Structures are given as structure tokens and as C-alpha cells.
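The values are calculated or read from the model by the stated rules, or taken from the named source; none is laboratory data. Note that the structure is predicted; figures quoted are calculated from it, not measured. Cβ placement follows ideal geometry from the backbone for every residue including glycine, while neighbour counts extend to all protein chains displayed.
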């Protein structure tokens, strides 16, 4: 056992330190296939004291590390290439839940959906709801500033974080808040920093009251363009839905052929899933308005679900769409770009053409109300020729989104996957400013090295995983 492994075992116990390649193999990727790297060690603290002790041991050994939650990330951000992986999944206690203040304090390994279940008896819920919410953890949500379908109305993770206890890479423990009483909003800088600034020990989040009434509508269209244009008409009408999601025919087919079948019309070119919530009278008025608006915008039919079971079935199809695509191919490459909402129809046509040109099948399911595209390509990334076609198609898609005035990520982070696009969005001066901000938290650049900002900008000790250097 190496001196570092032995020192870590002194903190957490020998059974919670993995060093053999065979036992580390399961941690070689996150949820994005094709990006793989093997850690040199993995350590699993179970308490705040153990986590702080682990980080201090790593600092004493000048050892770089990567913090990892559930591994549901989609950008390669939780990969540890020949360095130590700090797994936080054992830190899963809800430390406090205050229904009066409407806050909860949790450890980083608490699963997103678990927090909402704990708050439910108090008429509260945790609003950020990524599609992976049944598995993803609050610590990972903070690292990526995760969103979800309901972020259209309720905002992303940052909008719900009140304070956090952080262990910096040098082992110092600090408490960050929003700067409401003066000073800088360092918490705002930390959320979304992709594990490059330090590790969450615990976090206090805001809980949201359950609305009096929730209604979900499913509108189906014979044209993707019409469905995309309808999203802008909904928002322009002054209605702010809780969620506004679009799924195309390829996605509908995958869902309806799976165990997650939701009753979507198989012959539709696209469907919009629209949810409104709030006071009962206001919601009913919105439903009447939306039904007429969607029909005027070209919807072939509008299904209205008031019953919780009906609503849950409609949402099951959306939330499990990525899983349903597992029937098509062994792997799924998911992208995450943001474009102006008014250009959705144009970009969807462009994406379709790119898929045809490269011989790949693109399934679109995304947050239409935010313009947050999720083009997905079911594929076999173990086939080099197919993997190359998928990479070429995704690169063209991302370039097209940037050219349309968009950005490269709405909620999945940059990680490794999108490093190659950072120069297209930011000047060298801006990238340098990002690096200097990082140095405030991590002067040694040991926390999640090689992620989020291109290596050439930060001059880090290590590049991206072997075989992926220079690849977005």
C-alpha cells in the first residue's frame, strides 16, 4: 500500500480505500460514454470529519483529487485520470429540515429526490429536478449548477442554495453564503464551479411550498417546427409555465416502445409537455388560455391531466426518455447547448441535417422554454468508426449552436467534453480571469484538474484523459 493510501486508510478505515485497478474499474466513467479514465485510488469518507481529514491528507501529500457523487454527470467532470477519487455517496444524512424557515441542511451525498420525499409531509419540495433526480446527489447538483424541467419557473440549483460549508483543497474549512449582509457572493462563484474550487461538507437549501393546483398539458404536433415555434408563443402570451418540454418523433418512439410508455401519440412529429401550477383559480385560467393558444399555434390535440396519476404518467415518459433510448443502442451521448428560444425551429432543422449527413440518429428531448437543447445520439461508442461519426456530428451541432448566439452548456457543465469549445466563447483574457478566480480557492490547482477551463489557459499539471487530449 502506498504512503498516501495508508494515510487515507488511517482516516476512513482500510475497507474504504480502493487501490487495485480491478476495484477501481467501476469509477472509470460518468454517465457520458466514450470518456474514460482510471483513478489511482478511491476513498470514501462517511462523515464531515472524515471528509475534512481526507482532504487534509491529500493536501499534505500535494495530491490532486476529484470529488464524485453518484456519477450521473454528462460531461466527464467526475473522471479521475491517474489521481485520487473522493467518493461522497456515503455522506447522505439530512442534518436538519425546518418547515417554518423552509430550509434543509444536507450532506453532499443526499439524493435529490430523497430530499423532496423528506420535505413532502410538510407541504414542501426541493424545486431543482434533473431527469436523474432519482439518483443524482445534491453535491453533484451544486458542482454543475443543475437544472431540470421546472427550472423555467423556479430557477436552477444556485437559486435555491442559502449557505454551504466547504473544505478547500488545502484543508481549510469555510462557510460561504450569498453575501446578503455585505461582501462578495462567494457562494454564487462556488455553485457551478465543477469541483474545481473545493468540496461541499454540507449545504443549506431553500425548500419550496407545494402549489395549490398543478395541471399538465400534452400538445401534439405534425411538425417539429410548429412545436418549436409554439414555445415562443406561449412565453410571449405572458404565461410562465412551471415547465415547457419538447420531444421529437424519435424520442416519442423510444419512450412508447419501452416500459416507460406514457401514452404519447406515436404518429406525432413532436409533443410539448406544458405544466402550470399555483393558486387554483389562476391555474384553471392558464389552462383555458394555453389550450386555445396551443391549438391556434398548430397543435393537433391538447390533452389535459389534472389527476396526479395521469400527470405522473406523462412525466414518466419525459423523465425516463434517456433510459428508454437504451433500447436503441448500448450507449447514449447527450449534449447540452443553449440557444435563443426564437431560433429553436431553425436549430432543430440544422441538427436533423447534421445527423443525416453523418449517419447517426438524433433524438431531441429538451427544455424548450429555456432554449436548452439536449440532442441525444444512441450509439455504440466501443465501435471506433461509429464513435468518430458521433463526435463529428456533436461537434457540428455545438458549433451551430454557438453560431446562433447560444452557449455550450445549460446544466451539464463543461467538464472534459466541452473544453474544446471554450475558446470559441471566451477571449484569452476572460479565460485567464476564470483561472485567477480559481486560484483564490485552489492555488495549487489540485481540485479536479484539467476540467472546465482549457489546460492551456490554466497551465495545469495534467491534461485530459489519455486518448482524449485536444478533443472536445
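Table for the structure above
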| quantity | calculated |
| --- | --- |
| Matching residues in segment 363-394 - criterion: being in a helix (DSSP H, G or I), under 26 Å from residue 148 (Cβ atoms) and in contact with a helix residue (DSSP H, G or I) (Cβ under 8 Å, 6 or more places away or on another chain) | 368, 369, 370, 390, 393 |
| Qualifying helices (runs of 4 or more DSSP H) (wholly inside segment 1-108; at least 1 residues being farther than 19 Å from residue 452 by Cβ and within 25 Å of the chain's Cα centre (by Cα)) | 21-24, 48-60 |
| Options 82, 71; residue that is under 30 Å from residue 409 (Cβ atoms), out of contact with any strand residue (DSSP E or B) (no Cβ under 7 Å at 6 or more places or on another chain), modelled with pLDDT of 95 or more and crowded, with 17+ Cβ neighbours inside 10 Å | 71 |
| Residue check for residue 130: surrounded by 16 or more Cβ atoms within 10 Å (Cβ to Cβ), under 30 Å from residue 341 (Cα atoms) and not assigned by TED's automatic domain parsing to the domain that holds residue 78 | yes |
| Selection within segment 382-412 - surrounded by fewer than 22 Cβ atoms within 10 Å (Cβ to Cβ), in contact with a strand residue (DSSP E or B) (Cβ under 6 Å, 6 or more places away or on another chain) and farther than 19 Å from residue 340 by Cβ | 386 |
| Tally of residues being surrounded by fewer than 23 Cβ atoms within 10 Å (Cβ to Cβ), under 25 Å from residue 194 (Cβ atoms) and touching a helix residue (DSSP H, G or I) at 6+ places or on another chain (Cβ under 9 Å) across segment 93-108 | 1 |
| Residues that are part of a loop (DSSP other than H, G, I, E, B) and in contact with a helix residue (DSSP H, G or I) (Cβ under 6 Å, 6 or more places away or on another chain), drawn from segment 109-129 | 110, 126, 127, 128 |
| Residues satisfying the stated conditions in segment 207-223, i.e. part of a strand (DSSP E or B) and buried (at least 16 other Cβ atoms within 10 Å of the Cβ) | 208, 213, 214, 215, 216, 217, 218, 219, 220, 221 |
| Unique residue being in contact with a strand residue (DSSP E or B) (Cβ under 9 Å, 6 or more places away or on another chain), farther than 27 Å from residue 128 by Cβ and not assigned by TED's automatic domain parsing to the domain that holds residue 127 when the list is 282, 278, 298 | 298 |
| Checking residue 360 against (1) outside any helix (DSSP H, G or I); (2) buried (at least 24 other Cβ atoms within 10 Å of the Cβ), the condition it does not meet | (2) |
| Helices (runs of 4 or more DSSP H) wholly inside segment 245-341 that include at least 1 residues being crowded, with 16+ Cβ neighbours inside 10 Å and within 24 Å of the chain's Cα centre (by Cα) | 249-256, 308-319, 321-324 |
| Residues of segment 421-434 that turn out to be surrounded by fewer than 17 Cβ atoms within 10 Å (Cβ to Cβ) and touching a residue at least 24 places away in the same chain (Cβ under 8 Å), as a count | 4 |
| Selection status of residue 355, buried (at least 20 other Cβ atoms within 10 Å of the Cβ), free of Cβ contacts under 8 Å to residues at least 40 places away in the same chain, in a helix (DSSP H, G or I) and not assigned by TED's automatic domain parsing to the domain that holds residue 270 | yes |
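Per-residue answers, yes or no, for (1) buried (at least 24 other Cβ atoms within 10 Å of the Cβ); (2) in the same structural domain as residue 310 (by TED's automatic domain parsing); (3) at pLDDT 95 or above:
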{"position": "157", "(1), (2), (3)": "yes, no, yes"}
{"position": "161", "(1), (2), (3)": "yes, no, yes"}
{"position": "174", "(1), (2), (3)": "no, no, yes"}
{"position": "191", "(1), (2), (3)": "yes, no, yes"}
{"position": "195", "(1), (2), (3)": "yes, no, yes"}
{"position": "202", "(1), (2), (3)": "no, no, yes"}
{"position": "236", "(1), (2), (3)": "no, yes, no"}
